[in-house]
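Enquirer: Dumping the structure here so I can ask a few things about it.
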Amino acid sequence: MGAWVEIFHPRKNKGKIRGLGFDDSNPNIKMSIWTPGRIPNVGTRFAMGVWLNYRKLASGVQLASQKDRRQFMGKVANWYPIYTNAALAGQASDRGSFVAKGNMKIAALLGSFIDSGEESPSPNGFAVQFFDAGSQQLWSAQPLVWNQTLGNAQHPFWLRTPYALDPDSPLTVTVQNLSPNAADIQVCLFGYQD
């Protein structure tokens, strides 16, 4: 309660916020997240847990919780291509599927799009829609534009909660090329399998 009062009444403390370790006049207070031992029972790695270099302190909002990440321990991480087409015609649709051999958890979704039109490359890309046959679940009511639902190799679209795929049940993706030109399209899963 004392720290709460001191934060909201800084005039009592002459402008310093005390009680929560923000007073830099004490050399024993460690403020760096990289300092080992800052948080009890955390080793020499940084205290924040998982860290995305492009999201900095907002990494925790974008990634699965520590409890969800623990289920990946002892599993094999790999990239699983679910759809690859080197020349999907303009405005055409196609399907691809992936079948997990064992228990699998999907952690991230990725995609890439290269428009082959030299004169007028399309900024639209493609639309995707996923269907899990094992749980009879359609992931979206309509196809969604790829840059809203998929990441890329540099910035993967991490799922906030890992998605469990049943063994031997296909995950199907429907891909629709929104460009008037032929395009190279790829959709990948990043996941962990037993």
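Enquirer: Find the residue count for the range 61-113, including only residues that are touching a Ser or Thr at 6+ places or on another chain (Cβ under 9 Å) and either in a loop (DSSP other than H, G, I, E, B) or of a type in the set (K, R) (or both).
Expert: Total satisfying the criteria: 6.
Enquirer: For the range 114-126, give me each residue that is part of a strand (DSSP E or B) and free of Cβ contacts under 8 Å to residues at least 60 places away in the same chain.
Expert: F126
Enquirer: So which of D94, D132 is of a type in the set (D, E) and either within 24 Å of Y192 (Cβ to Cβ) or in contact with a Gly (Cβ under 9 Å, 6 or more places away or on another chain) (or both)?
Expert: D132
Enquirer: Considering only the range 127-172, state which residues are exposed (fewer than 12 other Cβ atoms within 10 Å of the Cβ), touching a Ser or Thr at 6+ places or on another chain (Cβ under 9 Å) and not in a loop (DSSP other than H, G, I, E, B).
Expert: R160, T161
Read the figures in this text as sums done on the coordinates, not as results from a lab. Keep in mind the model is a prediction, meaning the values are calculated, not measured. All Cβ positions, even for glycine, are placed from backbone atoms using ideal geometry, and neighbour counts span all protein chains on display.
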